Amino acid sequence: MIVVRFAPSPTGYMHIGNLRTALLNYLYALNQKAKGEEIKFVLRMDDTDTVRSKIEYENAVYECLNWMGMKWDRLEHQSKRLDRYHEVLEQLKKQGRVYACYETAEELEYKRNRLLHRKLPPIYDREGMRLTQEQIKAYETEGRRPHYRFVLEHNEMAWDDIVRGHCSYQGQNLSDPIIVREDGTFPYMLPSVIDDIDFGITHIIRGEDHVTNTAVQIQMFKALGAPVPVFGHPPLLTGKEGKLSKRTGSVSFRELRADGIEPMTIACLLAKLGTSVAPVIENSLEKLAPHFDLADFGRAQPHFDTDDLFKLNPRIVHALDLKQVNDRLKAQGKSEITEAFWNAVSPNLAKVDDVELWSDICNNDHVYKLDDADREFVRQTVDLLPQGEFDENSFSTWTSKIKEQTGKKGKDLFHPLRLALTGLEQGPELKMLLPLMGREKVVARLKG
Ligand code: GLU
């Protein structure tokens, strides 16, 4: 059984960076499923920060995952698990893996700066461990409340990262992490490990900004007697200006959706961004997953550019099934389209919403403005239209006749016909549109 998780902190709107983390986990699991594994995708709200966590941010996570087609098998909230965290904290205390500290934030900052000033790594000096009962009492009388740190063993913490290969850290090079704040709240580090153990997470895929956390958390898994999950840390995305800027980084899925970007465009691009492989075009996550391999990801930070989404989008639109499109139109209360219509227009759509434009062009009565010369020319072509119902060959039969009779060819021939029939410079192939429009509309538009 492969169990992955996506653990957003609902303290801001979902953006492309979070979406990518969710997607890489999801595709990893689906890829394993394609190989016959049983899988589960856990969605965990890291909402212990009650001040900054907001329900609208949480709802945006659900909305985004639903839109992307990522279904979770289990939903958990850290805010509802505080009792469990306290229980584990007591266990760690009994094991001697936790100690109380009384420094204020300012005192810690001072110690840190002093070390940095002496060009030493700013590692916490474990003063808390050496406090006598009298000192503790004195602090308590002063009104200080303790915060607690986890004792890191001074040995090697190593793992084979799916993306980074062999990784190794030394405990003595890291500070003992604070696991309970002075106000009794839990920072991210320990609750995450407790949840990963309790929910049976087997694989943790998250940005490389968590690599040092992983080293520390490995010791926590071990201290709690749990198996250590497999880790993968893909490099973070960068934007146009180098680092993923606030603006690029915060590109929200809502904006992209409003611009007509398909969820599968995002999935197909992000599944390969950072590898040396070009995006593959698939119309579902299930079909994309067999092409996904975290081991393909390089160590360099991949460059994310929304323009690439716009470039890829038409190819994804074209790859959609009629059913996918009709399901969406139905959900939006719009009329469904036929297979013939979809086959005719899909090769030319930049976004699915443009279906409505072409539906209107093909099905409603329109007469488009032409200059006099073009109008005179297209009027002459009416009598040359083939008899009977139009099919895919009608256009070539018709235009061959026009060529013969008028001597026009190439753009001089096709451009006025396109303008007269669609009112636009570009669009789907006219040979496909002719049967959709039918004789009556075609004649009316040519006559003007
Ligand atoms: N809430 C954490 C974050 O959004 C989760 C990190 C993790 O995946 O463990 O960075």
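All of the numbers you see were taken from the coordinates with simple rules; none came from a lab. The shown structure was predicted, so the numbers you read here are calculated from the model rather than taken from an experiment. So basically every Cβ, Gly included, is an ideal-geometry build from the backbone, and we count neighbours across all protein chains shown.
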> Roughly how many nanometres apart are two label points built 7 Å out from the Cα toward the Cβ at GLU404 and GLU429?
Replying inline: 2.2
> Could you give the nm distance between label points at ARG375 and LYS447, where each point is 7 Å from its Cα heading toward the beta carbon?
Replying inline: 1.5
> With springs only between Cα atoms under 10 Å, which of LYS287, LYS71, LYS111 fluctuates most in a Gaussian network model of the chain?
Replying inline: LYS111
> For a paramagnetic label modelled at 7 Å from the Cα of ASP160 toward its Cβ, which residues of the stretch 195-217 fall within the zone defined by backbone nitrogen distances under 16 Å?
Replying inline: 203-204
>> Taking 25 Å as R0, compute the FRET efficiency from the Cβ-Cβ separation of GLN91 and ARG145 and round it to 0.05.
In response: 0.70
>> For a quick check of your reading of the filter: which trypsin sites (Lys or Arg not before Pro) in the stretch 397-448 sit in a DSSP loop and have no more than 12 other Cβ atoms within 10 Å?
In response: LYS409
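Quick one: work out Rg over Rh on the C-alpha atoms of the stretch 377-417, Rh as Kirkwood radius. Write down the numbers at each step before the final one.
On the way: Rg = 9.7 Å, Rh = 10.4 Å.
Here the Rg-to-Rh quotient is 0.94.
What FRET efficiency comes out for the pair GLN170/ALA350, r = Cβ-Cβ distance, R0 = 41 Å, nearest 0.05?
That gives a FRET efficiency of 0.15.
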>> What FRET efficiency comes out for GLN133 versus PHE221 if R0 is 51 angstrom and r is the Cβ-Cβ distance? Round to the nearest 0.05.
In response: 0.95
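Which percent, nearest 5, of DSSP beta bridges in the chain are antiparallel? Present the calculation step by step, with values, prior to reporting the outcome.
Values: 15 of 29 bridges.
Of those bridges, close to 50 percent are antiparallel.
Please say if the stretch 343-416 is rounded, prolate or oblate, where rounded means a/c under 1.5 for a ≥ b ≥ c the square roots of the C-alpha gyration tensor eigenvalues, and otherwise the choice is prolate for a/b larger than b/c and oblate otherwise? Show your work: numbers first, answer last.
Working: a/c = 1.93, a/b = 1.56, b/c = 1.23.
Prolate, because a/c is 1.5 or more and a/b exceeds b/c.
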> Hey, if you put +1 on the Cβ of every Lys and Arg and -1 on every Asp and Glu Cβ in the chain, which of ALA105, HIS147, VAL251 ends up farthest toward the positive end of that dipole?
Replying inline: ALA105
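Take the alpha carbon gyration tensor of the stretch 156-300, find the square roots of its eigenvalues, order them as a ≥ b ≥ c, and report rounded if a/c is under 1.5; if not, report prolate when a/b exceeds b/c, else oblate.
Details: a/c = 1.96, a/b = 1.67, b/c = 1.17.
The shape class here is prolate.
If you take the alpha carbon radius of gyration of the chain and divide it by 2.2 N^0.38 Å, what ratio comes out, to two decimals?
Numbers: Rg = 30.8 Å, N = 448, 2.2 N^0.38 = 22.4 Å.
This ratio for the chain stands at 1.38.
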> Just how far, in whole angstrom, is the stretch 327-366 from the stretch 388-424 if you go by their alpha carbon centroids?
Replying inline: 23
> What range in the chain is the longest one free of GluC sites (Glu not before Pro) that are in a loop by DSSP and have at most 16 other Cβ atoms within 10 angstrom?
Replying inline: 39-141
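Under the rule of -39500 (n - 2.57) per DSSP H run of 4 or more residues, summed and divided by the residues of the chain, what mean residue ellipticity at 222 nm is obtained, to the nearest 500 deg cm²/dmol? Working shown, then result.
Details: 19 runs with 210 residues, N = 448.
When only DSSP H runs of four or more count, the value is -14000 deg cm²/dmol.
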> Label ASN364 and LYS287 with points 7 Å out from Cα along Cα→Cβ: what is the distance between them in nm?
Replying inline: 3.2
